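Structure first, then comments.
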2 protein chains.
Amino acid sequence: MEDSSVSISPALEREIRILHNLVGNAVVDNKYIVLGVGSMQLLKAAVASLACDRRTADVVAAVPYFPAYREQSLLFETAHFTWAGDANVYAQEHLGMNSSTIEFVNSPNNPDGMVRHAVLNGCDAFTIYDYAYYWPHFTAITEAADQDVMLFTLSKLTGHAGSRLGWAIVKNYTLYERLLTYLQLSIITVSHETQLRATQLLRVINGAYSGQLHAEQMIPLGLPPAYYASKGLSFHYGYVVLRDRWMKLNQILNQSKRFGVQHLEPAYCKFFKEVTGPSPAYAWVYCKQENDEDCQAVLQQAGIISRGGKKFDSSTRFTRLSLLKRVSTFENLINHLSFLVSEEINFILLK
Amino acid sequence: MEDSSVSISPALEREIRILHNLVGNAVVDNKYIVLGVGSMQLLKAAVASLACDRRTADVVAAVPYFPAYREQSLLFETAHFTWAGDANVYAQEHLGMNSSTIEFVNSPNNPDGMVRHAVLNGCDAFTIYDYAYYWPHFTAITEAADQDVMLFTLSKLTGHAGSRLGWAIVKNYTLYERLLTYLQLSIITVSHETQLRATQLLRVINGAYSGQLHAEQMIPLGLPPAYYASKGLSFHYGYVVLRDRWMKLNQILNQSKRFGVQHLEPAYCKFFKEVTGPSPAYAWVYCKQENDEDCQAVLQQAGIISRGGKKFDSSTRFTRLSLLKRVSTFENLINHLSFLVSEEINFILLK
């Protein structure tokens, strides 16, 4: 047990590197890769590794943010780091002060799908880039990210959340070693069954796209999902499904005066070699009417499950709908939402 | 991702409960089971969960101890707990003081195979029982352990260390909830591939022994390992292999005046229904001669890899040999050790 070390299967590491070079979403050459039990575990490992032997670092993230940034920082707090809340508020309150900070930047962001950059900078401001959703099915790949610490997860790439595989791409050798020590003393290594399965999954995707990589033109995006699925073109498949869901959702909400949803811009995707999107993982819905203060409760009453804005340190006027569920669950959502909006329209017509 | 919760597959939980009832090494009825990424992760989760909202707890373990107890406590230290070294030294220095402590008790103990009990007691003394080796192939099952916090791992049960599966058996509901929160915010859940594989492994063992459970007489221990292997009787198999290794090792070391090894007693095993052992996982070897201060280095020079006593917070006169390696590795060890001891005997004869 104690003689082994945190190990990444060479086959898996190779597939991860091939994939990033293929998609063009992250620079991996001359960088280190560390595995974790989902990116979840790597978030806390990265904070602890960046914070060690510095003055107490303030951990922040711009609202609205993925709740685990706050929850982890509070639960696992040490003498080296402490949770300090919203990055934008923090920046105003610490203007001109040379604080020691660690900022989580999730881009595109959960819950609102926005492309994000760090709010804080300065000589002692570190950033952890959570790129869980920086894949062509969720957002246009506009450049290969080249940050110091970048996190990815199988969960949002292929949907295998239960396999629990995340990876960090790290520039700095000292930080890499700290991450390895942290992980070795936490879990020794990531499940070999998981590594084996992930290797096979990535191999299938890489294999399907290997012919496309140097082609002048990618296979276009207008075809039926089943066609892409049959060829293993999983980014094409994911994109057309999510794009379709987003449009269906917007079609309904555009008729409503009661509900709004975030505005996202299409952009040129270097991977697909065409303008794509929006095709986000989540809809960040808000309630416009004065009485609808708790938007989650409003949807709940209409039989729709969502995640209230408070969880994301935002207003209760916001709530998050997941667009990543099974086909039947999504259809159920659309039916309930249509009914809710049609009630609103009927009510206006009756007045 | 954030909508799921730390989950144990009901099928796996059932097999774990059946196994403990079958072996009789731990009381599981009316207790909670929590999974972790090996018992490694549960060690730190248990310390953090026991330490939360109490005055700073001193974490201790009696020398010689598994190095991760110290290494984890140092690396993951928070305001709630701090590493305080050898439990026996601590007990003397804090005699009559009502300290807040968390003690790791590993029984049988890595590295020396000794059956252990808590050194510290008192109203604010908590104990984490690491029962990684409390299985009939390593030690006689003398009673069903019924402690507040008991840790087990697949690694030392079936040898599937790379699958990374550990479990905690917990009496107290509040502690159970804290462990769940700790694990959910660390890893969300244990790899589903791992849980699936472990379920199947335990199902095979439980199935093989189910007929034996209520039989008047267990299948006896004197048969060849291949026989047990063919029937899936993995405890029988493990026991006869390890018992044989221990005897071979002792046969060699008994001829030596230079090297000694720990003394272990046989005992009546309620599982096998006969007197068994010793059959430990490790040999805790020591060097007797004045010049051989660094016993690991002495063995190293003879081509034998071991783990020096210092790692276990013990003297460099001690070193640990693993008896859990593959057949060819063990035979290699025995050959090197025979040669080393024969040199010593030849030297004495020449004098």
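The values are calculated or read from the model by the stated rules, or taken from the named source; none is laboratory data. Keep in mind that this is a model prediction, so the values were computed, not measured. All Cβ positions, glycine included, derive from the backbone under ideal geometry; neighbour counts span all protein chains shown. Heavy atoms of the whole protein, side chains included, go into the accessibility calculation; ligands, DNA and RNA do not. Shrake-Rupley method; radii C 1.70, N 1.55, O 1.52, S 1.80 Å.
What whole-number distance in Å separates the alpha-carbon centres of segment A:181-208 and segment A:302-351? Between the Cα centres of segment A:181-208 and segment A:302-351 lies a distance of 36 Å. With 18 Å as the limit on Cα-Cα distance, the pairs of B:LYS248/B:LYS325; A:LYS248/A:LYS288; A:LYS44/B:LYS44; A:LYS156/A:LYS325 that go past it are A:LYS248/A:LYS288. Residue-wise HN-Hα couplings along segment A:23-40, as the Karplus relation 6.51 cos²θ - 1.76 cosθ + 1.60 with θ = phi - 60° gives them from phi, are 6, x, 8, 7, 7, 10, 5, 6, 10, 9, 10, 10, 8, x, 7, x, 5, 3 Hz; Gly and Pro carry x.
The shape of segment A:251-329 comes out prolate: with a ≥ b ≥ c from the C-alpha gyration tensor, a/c is at least 1.5 and a/b beats b/c.
Once the piece of chain linking B:HIS263 and B:ASP313 is laid out straight, how much longer is it, given 0.36 nm per residue of separation minus the C-alpha distance between them? Contour length minus the Cα-Cα distance gives 16.0 nm.
List the trypsin sites (Lys or Arg not before Pro) within segment B:209-298 that DSSP assigns to loop and that have no more than 12 neighbouring Cβ atoms inside 10 Å.
Numbers: sites: B:LYS231, B:ARG243, B:ARG245, B:LYS248, B:LYS257, B:ARG258, B:LYS270, B:LYS273, B:LYS288; in loops: B:LYS257, B:ARG258, B:LYS270, B:LYS273, B:LYS288.
Filter output for segment B:209-298: B:LYS257, B:LYS288.
What residue among B:GLN217, B:GLY85, B:THR199 has its Cα farthest toward the positive end of the dipole of chain B, where the charges are +1 on Lys, Arg and -1 on Asp, Glu, each on the Cβ? Highest projection toward the positive end goes to B:GLN217. Given R₀ = 35 Å, what would the calculated FRET efficiency be for A:MET247 paired with A:ASN21, taking r from the Cβ atoms and rounding to 0.05? The calculated FRET efficiency here is 0.65. Summed over the residues of the protein assembly as shown and divided among them, the accessible surface reaches 43 Å² per residue at a probe radius of 1.4 Å.
Shown here for segment B:1-107: trypsin sites (Lys or Arg not before Pro) in loop regions (DSSP other than H, G, I, E, B) with at most 16 other Cβ atoms within 10 Å, namely B:ARG54, B:ARG55. Placing +1 on each Lys and Arg Cβ and -1 on each Asp and Glu Cβ, with no other charges, gives segment B:68-218 a dipole about its Cα centre of roughly 520 debye.
What FRET efficiency comes out for the pair B:ALA226/B:GLU293, r = Cβ-Cβ distance, R0 = 45 Å, nearest 0.05?
On the way: r = 43 Å, r/R0 = 0.96.
With a Förster radius of 45 Å, E is 0.55.
Buried between A and B is an accessible area of approximately 3300 Å², summed over both sides with a 1.4 Å probe. By the scheme Lys and Arg +1, Asp and Glu -1, what is the net charge of all other residues having a beta-carbon under 10 Å from that of A:LYS171? In short, -1.
Since only B:PHE259, B:GLY38, B:HIS20 are under comparison, the one whose Cα sits farthest along the positive direction of the charge dipole of chain B, derived from C-beta charges on Lys, Arg, Asp and Glu, is B:PHE259. Checking every one of the GluC sites (Glu not before Pro) in segment A:284-351 against DSSP loop status and a limit of 11 other Cβ atoms within 10 Å picks out A:GLU290. Expressed as a whole percent, the accessible area of the protein assembly as shown that falls on carbon and sulfur atoms is 53 (1.4 Å probe). Which residue, chosen from B:TYR133, B:THR158, B:ALA168, occupies the Cα position most advanced towards the positive end of the dipole of segment B:109-181, where the dipole is computed from +1 (Lys, Arg) and -1 (Asp, Glu) charges on Cβ about the Cα centre? Highest projection toward the positive end goes to B:THR158. Descending by average beta-carbon neighbour count within 10 Å, the peptides B:260-266, A:153-159 line up as A:153-159, B:260-266, the highest first. The shape of chain B comes out oblate: with a ≥ b ≥ c from the C-alpha gyration tensor, a/c is at least 1.5 while a/b does not beat b/c.
Only beta bridges with both residues in segment B:70-159 are counted; by DSSP, about 10 percent of them are antiparallel.
Where does the charge balance sit around A:LEU253 when Lys and Arg score +1, Asp and Glu -1, over other residues with C-beta under 13 Å from its C-beta?
Numbers: positive: A:ARG245, A:LYS248, A:LYS257, A:ARG258, A:LYS288; negative: A:GLU344.
Net of charged neighbours comes to +4.
In chain B, the DSSP-assigned H stretches of four residues or longer account for a calculated mean residue ellipticity at 222 nm of -13000 deg cm²/dmol, using -39500 (n - 2.57) per stretch and the full residue count as denominator. When chain A is treated as a Gaussian network with alpha carbon springs shorter than 10 Å, the biggest mean-square fluctuation among A:TYR268, A:TYR176, A:TYR227 belongs to A:TYR227. Within segment A:1-131, DSSP assigns beta bridges of which about 5% are antiparallel (rounded to the nearest 5).
For the pair B:VAL115 and B:ARG203 in one chain, pulling the backbone fully straight at 0.36 nm per residue adds 28.8 nm over the alpha carbon distance.
DSSP beta bridges fully contained in chain B are about 55 percent antiparallel.
Shielding of B:40-52 by partners, i.e. mean partner chain Cβ atoms within 10 Å per residue?
For peptide B:40-52, the averaged partner shielding equals 2.
Once all protein chains are placed together, B:MET97 keeps about 120 Å² accessible to a 1.4 angstrom probe. The label point for A:ASP146 and the one for B:ALA11, both projected 7 Å from the Cα toward the Cβ, are 4.8 nm apart.
Applying 1/(1 + (r/R0)^6) with r as the Cβ-Cβ distance of A:CYS123 and A:VAL63 and R0 = 35 angstrom yields a FRET efficiency of 0.90. Computed about the Cα centre, the dipole magnitude for chain B is approximately 880 debye when only Lys and Arg (+1) and Asp and Glu (-1) carry charge, each at its Cβ. Given a 10 angstrom Cα cut-off, can you work out which residue in A:SER230, A:SER210, A:SER100 is the most mobile in a GNM of chain A? Looking only at A:SER230, A:SER210, A:SER100, the biggest GNM fluctuation is shown by A:SER230.
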